[in-house]
Amino acid sequence: MILFIYISWRYLIKMEKDYKIIKQKKRNKIILGKLFTSKDFIYMLVNVFAFALCIILTLVLPKKYDFNSYFDLKVFSAVIAVFILNVITNIIVRAIKLRKEDKEKLKEDYNELLSIYSTITPVTYRNINSKNSKIGRKNTKCNYKQYNNQEDEYKIPITEIVSFVNKEVNIVDNKDKFYQLPEIVEKKISEIYKAHDFSNTYNQLNIRCCGISQEDNKVQLNFSRTNYYNSLLTNRAIDFKVDGLTIRELFAYGPFLQSLEESKLSNHIGFNGFIETIDGHIVFVFRHKKVSIAKNTMQTSVGASLKSKYALNEKLELTKQGIVNAIKNEIKDELRLEKLENYNQKESEIFSELSFNSVLGFYRELVEGGKPQLFFYTKINVTSNELKQAYLKGVSKMQRMFEKTDLGYKVDGYKIFFIKKEELKEIYISPDGMTIKGKFYKSVPTSTGTLALFINYLNNGDIV
């Protein structure tokens, strides 16, 4: 029996080692594939082999055979050197294109964006005069209005459509209605999709918001279906030029923002929000560079699409409880809550305060042509230290490295950040960034606008 246990134990260890080797080989293959093509690799191997053969024959053959008269070693050396330079060039070009990708597919001049949609009422936020103000003013590229007491007010290119506070919200879901790409987009799919060459992309069923209405204290949200590729081709590549034109110029040109009922964009609904730990800390997350948008930026606690796998019930219908389920699962996934001790037993306690009342409102962001977003806030029964430890367990040092380079990548973030709730007002918020404790962090209007809404709601007493 002891011998059997020992043999089984050794076999399991061998299996684990073999798995790690296979996984590492796969990672190495991906890295090599990004540096040069298989054709380039074969070309290099042939030249290295020929170069080595020339040297061996030169050393082995008698001196009467003047091998150099047939093969010039300098030529082979030059070929290999050119290949190495080509690899280095590819690395530099990739790095440059990666940095430029977001700028090419989504407008980053938020002043211009606000002028395009001049009839829209954007979210405004007034910063108090704090130690972060000077640094924030220096780093932002956005216009602001300054008051006598040095308070800076910004217009952020998102527009709040409705607050759900003290409102009755109803959902109408048309699960059989599917979004159809405009014909002109269908004809240019392959060209538009190049906008995402350096992003991790995948397709999945998404939930489309195709209408919203309000009467007195009653709000109705209308939903149908789309998929993620449709959004990558419309909302998330809205400023990518193909034949001199962009999706924004064709379908979301301003100065008015088309209603969701009339919009020609995919408009899959997402949500952004903040998590407060039991000891009063608000969670922020750094996004890594391979997500489809907002690369290398600070974001809210959770920012995600409303995933159908979490939100739809057994009849494939969307309900308010489905939205709550999607938010809960996204919090668990993005913040690695499954790494908490006895998470499965504690799940209901951790999320005891999460309900549809945690969804505070609905806004549309102008960067993606009026894409709809839900805004939420909830507390979880976890301390900031427990959350930090779970997050670090979920993202080991090696895993973080691979996630940041697109290998083994599963979620949007790679680093967690905490701010005390009472210190939120000291953050200097501009549309393009947040200045926290004397340091400027690049961000995007979806995140900075959500933070502005959150603090405004706190100031107005809508949440505590």
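The values are calculated or read from the model by the stated rules, or taken from the named source; none is laboratory data. Remember, predicted model here, so these are calculated numbers, not experimental data. The protein model used for the area step is the full one, side chains on, heavy atoms only, and it has no ligands, DNA or RNA in it. Shrake-Rupley method; radii C 1.70, N 1.55, O 1.52, S 1.80 Å.
Within the set Lys332/Lys379; Lys264/Lys320; Lys218/Lys420; Lys346/Lys379; Lys388/Lys421; Lys107/Lys442, which residue pairs have Cα atoms separated by over 23 Å?
As for pairs spanning more than 23 Å Cα to Cα, those are Lys264/Lys320; Lys218/Lys420.
Given H placed 1.01 Å from N in the peptide plane, which residues other than close sequence neighbours of Val382 have an amide H under 5 Å from its amide H?
Ile278
Using a probe of 1.4 angstrom, how much of the accessible area of the stretch 187-281 is carbon and sulfur, in percent?
On the stretch 187-281, the fraction of accessible area on carbon and sulfur atoms equals 50 percent.
Over the stretch 242-291, what lengths in whole Å, largest first, do the semi-axes of the equivalent ellipsoid take, defined as the square roots of 5 times the eigenvalues of the alpha-carbon gyration tensor?
After diagonalising the Cα gyration tensor, the semi-axes are 35, 17, 9 Å.
Amide H to amide H under 5 Å from Asn227: which residues, 5+ apart in sequence or cross-chain, H placed 1.01 Å off N in plane?
Asn206
Using a 1.4 angstrom probe, figure out how much accessible area the stretch 121-227 has per residue, in square angstrom, rounded to the nearest whole.
57
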